[in-house]
């Protein structure tokens, strides 16, 4: 299921709201742009008058020198004003883009994880990379250029009309073809570009999934199948690229003829009027120069019109992230205690296909519960229910008598947190990575969290200790080290209930065993639920829950379940023999 796309009206309303917050800066930039354009309009006026005076034989050397001096002075002044106008416009564009980017990232990091996972990585990555890049160029460069082009065109036409209204009417020759082309192009371009962006997102997702899981692809021998999937996604993206390229080709063909025609039309029309005494040579010169002045801004506006359509499609995808509905509604209820309970919990990733079937479970505060079972039995899904990642399809998961869906994201993480076997290292120092668990933590607190999970030995061995830069372009941590950093974040976050979904599976058995013993000490007094595949972890737990086909079929201590001779006893015997 793809993430939503913001409707055009909604996207425009949100965009207008962002720009409204910068209205004073927009007004100042507009004033500078108008002043710069007015400076460029002086020269054609003066040259037209000069031609008229010379043709009438009344132009003196002093008059010519004076006109030239004024033109030079106005040109220099216009260049200086334009420099400041461009500078302020660019900084305004940077501010608007920064606002848009931060607004998007704020929403992205708070999206319901269930929605992100159902949408897949390709869609979200496409919106945060390709779509953001398209918007970035438009906001940083396009918005100032569009303002310049629009102001230049409007004031140039006004100046031409003031010089000779009848002659300036020839400039309107561009209106019919441009109007007709834009009426055809605008309604179909945004949906086409949006489909193109979605196709690229699907392609990115297919490539990313295949590369990140290359070992699995090789192990299952499905390389040809993945190649076929990627080839199909490439064909879709290429087909849409060709279609949008065809749209641009037809658009530019018409507009190219349109923006070249005014000069020719003005000269022909001016000759016709001059032959009948309705226009002077100076007026023809002035309006012709204005027509030539229009060529550059119209040509630039052609380029930006197309890019605006591309960016509008990307903008609806970016702002569509804000249209994702939250999967929880905070009620302000305060949990009474730390006891967690599941009652009649059922869950389906897809409608009609249940993964969990009416689970009832009470967690004893401070206990260590191991969840075991074969692959695909629903262990990890049960852990996600307890961590509040997915709300149950039916039933309830409560902490202190309050459903997890009644707590805000921040409140939920104060009570329960999840660490999976997936590890994430962000660009920054090791301390910065750990500090994500609690942004206000000082270095001493972070140091204690690192020591609590036994990572201080390898951290201290690094050149700069926990101030060592890691992540893309810096030191690459091993999977085991990255997982220990994730566990240090969890210790720093300090919730009363922790869900560990095979959190030590990336470590070798001996290291995993040592880390689990360290964690037992570090997490003493907290409720710990461990989804495990190494049964010696279950042996150390206070209780063991055996999950089979989405149900808890056995629950008790390790000794009780072994003595029972049921499913757990069979798993323990098989694992012990291995």
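Results, tabulated for the structure shown:
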{"read-out": "Strands (runs of 3 or more DSSP E) completely within the stretch 321-419 that count 2 or more residues being over 20 Å from residue 501 (Cβ atoms)", "value": "340-350, 353-362, 394-399"}
{"read-out": "Only listed residue being surrounded by fewer than 19 Cβ atoms within 10 Å (Cβ to Cβ), touching a helix residue (DSSP H, G or I) at 6+ places or on another chain (Cβ under 6 Å) and over 30 Å from residue 229 (Cα atoms), chosen from 173, 158", "value": "173"}
{"read-out": "Matching residues in the stretch 2-26 - criterion: being part of a helix (DSSP H, G or I) and either in contact (Cβ under 8 Å) with a residue 24 or more places away in the chain or surrounded by 16 or more Cβ atoms within 10 Å (Cβ to Cβ) (or both)", "value": "8, 10, 11, 14, 15, 18, 19, 25, 26"}
{"read-out": "Residue list for the stretch 421-450, restricted to those being under 19 Å from residue 410 (Cα atoms), touching a helix residue (DSSP H, G or I) at 6+ places or on another chain (Cβ under 9 Å) and in a loop (DSSP other than H, G, I, E, B)", "value": "436, 437, 438, 441"}
{"read-out": "Residue in the stretch 143-150 that is in a helix (DSSP H, G or I), surrounded by fewer than 17 Cβ atoms within 10 Å (Cβ to Cβ), assigned by TED's automatic domain parsing to the domain that holds residue 254 and modelled with pLDDT of 80 or more present", "value": "yes"}
{"read-out": "Lone qualifier among 93, 62 - being part of a helix (DSSP H, G or I), closer than 30 Å to residue 280 by Cβ, over 14 Å from the mean Cα position of the chain (by Cα) and at pLDDT 75 or above", "value": "62"}
{"read-out": "Any hit, the stretch 471-482, residues being part of a loop (DSSP other than H, G, I, E, B), more than 26 Å from the chain's Cα centre (by Cα) and surrounded by fewer than 16 Cβ atoms within 10 Å (Cβ to Cβ)", "value": "yes"}
{"read-out": "Tabulated pairs, the stretch 272-288, first within 10 Å of residue 51 (Cα to Cα) and assigned by TED's automatic domain parsing to the domain that holds residue 54, second at pLDDT 80 or above and outside any helix (DSSP H, G or I), C-beta under 6 angstrom, 6+ apart or interchain", "value": "283/164"}
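Yes/no per residue for (1) more than 19 Å from residue 500 (Cα to Cα); (2) without any contact (Cβ under 8 Å) to a residue 12 or more places away in the chain; (3) surrounded by fewer than 17 Cβ atoms within 10 Å (Cβ to Cβ):
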position: 426; (1), (2), (3): yes, no, yes
position: 435; (1), (2), (3): yes, no, no
position: 439; (1), (2), (3): yes, yes, yes
position: 442; (1), (2), (3): yes, yes, yes
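The values are calculated or read from the model by the stated rules, or taken from the named source; none is laboratory data. None of the values given here were measured: they were computed from a predicted structure. Note that each Cβ is placed from the backbone with ideal geometry, even for glycine, and that neighbours are counted across all protein chains shown.
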